[in-house]
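*Asks:* Right, I'll just put the structure down here and ask away after.
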Amino acid sequence: MAEFIYGIDIGGTSIKFGLFTLKGTLLRKWAIDTNLKDSGSHILKEIAQEIKQQPESIDKIHGVGFGVPGPVKEDVVYRAVNLGWDVFDVKKEFLSYFKTSFIVKVHNDANVAALGEQAFGAGKAYPHMVLYTLGTGVGGGVIYDGTIIEGAFGAGGEVGHMFIKDFPIVCGCGNTGCLETLASASAVKNLVSYYIKTTPLESKLRNEDSYSAKHIFDLAKSGDLIALKVVDTVAEALAKASQIISVIVNPNAFVFGGGVSLAGDFLIHKIERRFKEIAFKAVKNDTVFTLAKLGNDAGIYGCYQAVKNHG
Ligand SMILES: [Zn+2]
């Protein structure tokens, strides 16, 4: 009888495993290094070996959920550059390493993180939820009625690449004006350099060679003018993105995770305040803005939930 579900979040440096009961209790979690040799062709085989080495019998696996860093449509990955994968049927290859069959669900890593937060974390009370992961880049996911919106080409939930405004910083995707260039950890640092050059505002940052996102937020809290302008720019960009999303999918909640979100309520309140100024009236007062709760575990929880949603 099936008893277990694995949630497996594949990243460019490590692969996180979560072993869950059918009801969603996390029994244990661990990680192994990602083997990037030979265009990532050993990755799935090593994951299969890792599962076979566990004390739990293979026959008791109900399903395995994957999060992968690339666009995914119906369990097929369309290029995961960080892993070296081109178009790749993850489900088919993974099952080929086993004699038994079980459910396999594959999703984009940011989308499963969003699903994890919705099912187990900050979005628990909210069936419609949007996650922003404000890290080196800006990732995210849109959950509608407890389900990931994958879209026609697997780009559903790529909130980091929403066009926000003309701005002279090139995004990782090659475009300019993306949310990612205005609200990621790298954006925060770029914005400091930009405002040092283009404004006469006084700031301690003018005398510093390097600055972390955390330092910039700490300075903003103490009233530093350039640091404050940077935080206001980040908040404005996220409020605008949320305003647009709110009239398309009308989520109950926007949830913020990743390094930049460590700025906490200081940032969230600014986003919420600005959102209320520009939002459509039906969504103005009841849309919730809150911090993510699961940190790096959001992915494995979401992988579990993707299997569970399947049956
Ligand atoms: Zn972009």
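The values are calculated or read from the model by the stated rules, or taken from the named source; none is laboratory data. What you see is a predicted model, and the numbers here were worked out from it, not measured in a lab. Glycine gets a Cβ as well: all are built from the backbone with ideal geometry, and neighbour counts include every protein chain shown. The area values use the complete protein model at the heavy-atom level, side chains included, leaving out ligands, DNA and RNA. Shrake-Rupley method; radii C 1.70, N 1.55, O 1.52, S 1.80 Å.
*Asks:* Taking the 0 to 90 degree range and rounding to the nearest ten, how far is the long axis of helix 265-278 tilted relative to the main principal axis of the chain, both from C-alpha atoms?
*Replies:* Approximately 80 degrees, to the nearest ten.
*Asks:* Based on DSSP H runs of at least 4 residues, each adding -39500 (n - 2.57), what is the mean residue ellipticity at 222 nm of the chain after dividing by all its residues, to the nearest 500 deg cm²/dmol?
*Replies:* -10500 deg cm²/dmol
*Asks:* Under a 1.4 Å probe, what is the accessible area of the stretch 197-242 per residue, stated in Å²?
*Replies:* 52
*Asks:* On to the next question. Measure nothing fancy, just the Cα-based angle from helix 298-310's long axis to the longest principal axis of the chain, in degrees from 0 to 90, nearest 10.
*Replies:* Helix 298-310 sits roughly 50 degrees off the main axis of the chain.
*Asks:* When only C-alpha pairs under 8 Å and at least 6 residues apart count, what is the relative contact order of the chain, in percent?
*Replies:* For the chain, the relative contact order is 21 percent.
*Asks:* Packing-wise, with mean Cβ within 10 Å as the measure, how do 116-128, 294-306 rank, highest first?
*Replies:* Averaged packing, sorted descending, gives the order 294-306, 116-128.
*Asks:* What FRET efficiency would be calculated for the residue pair Thr147, Thr198, taking the C-beta separation as r and a Förster radius of 41 Å, to the nearest 0.05?
*Replies:* The value I calculate is 0.40.
*Asks:* Right, something else. Taking a threshold of 22 Å on the Cα-Cα distance, which of the pairs Lys16/Lys270; Lys23/Lys124; Lys229/Lys293; Lys37/Lys105; Lys165/Lys276 fall above it?
*Replies:* Pairs exceeding the cut-off: Lys16/Lys270; Lys229/Lys293; Lys37/Lys105.
*Asks:* For a label point 7 Å from the Cα of Asp286 along Cα→C-beta, name the residues of the stretch 222-261 whose backbone N is under 17 Å from it.
*Replies:* Backbone N within reach: 246-254.
*Asks:* Follow-up. Charges only on Cβ, +1 for Lys and Arg, -1 for Asp and Glu: so what's the dipole of the chain about the Cα centre, in debye to the nearest 20?
*Replies:* Dipole size: approximately 420 debye.
*Asks:* Take every DSSP beta bridge with both residues inside the chain and express the antiparallel ones as a percent of the total, to the nearest 5.
*Replies:* Approximately 60 percent, going by the DSSP bridge assignments.
*Asks:* Quick one: accessible surface of Ser184, probe radius 1.4 Å, all protein chains present, in square angstrom to the nearest 10.
*Replies:* Around 0 Å² of this residue is reachable by solvent.
*Asks:* Hey, rough spin-label estimate for Asp232 and Asp38, points 7 angstrom out along Cα→Cβ, what's it come to in nanometres?
*Replies:* Result for the modelled spin labels: 5.7 nm.
*Asks:* To continue, here is another question. Taking 8 Å as the Cα distance limit and 6 or more residues as the minimum spacing, I'd like the relative contact order of the stretch 5-63 as a percentage.
*Replies:* Here the relative contact order equals 27 percent.
*Asks:* Roughly to the nearest percent, how much of the accessible area of the chain is carbon and sulfur, given a 1.4 Å probe?
*Replies:* Taking all protein chains in place, the chain shows 51 percent carbon and sulfur surface.
*Asks:* Note the angle between two axes, namely the Cα long axis of helix 185-198 and the longest principal axis of the Cα atoms of the chain, as a number of degrees from 0 to 90, rounded to the nearest 10.
*Replies:* Approximately 20 degrees, to the nearest 10.
*Asks:* I'd like to check one number: the per residue accessible area of the stretch 254-311, probe 1.4 Å, reported in Å² as a whole number.
*Replies:* 48
*Asks:* For the chain, count the residues as N, evaluate 2.2 N^0.38 Å, and divide the Cα radius of gyration by that value, please.
*Replies:* 1.04
*Asks:* Here's another thing I want to ask about it. Leaving out ligands and nucleic acids, and using a 1.4 Å probe, what accessible area per residue does the stretch 10-149 come to in Å²?
*Replies:* On a per-residue basis, the stretch 10-149 sits at 44 Å².
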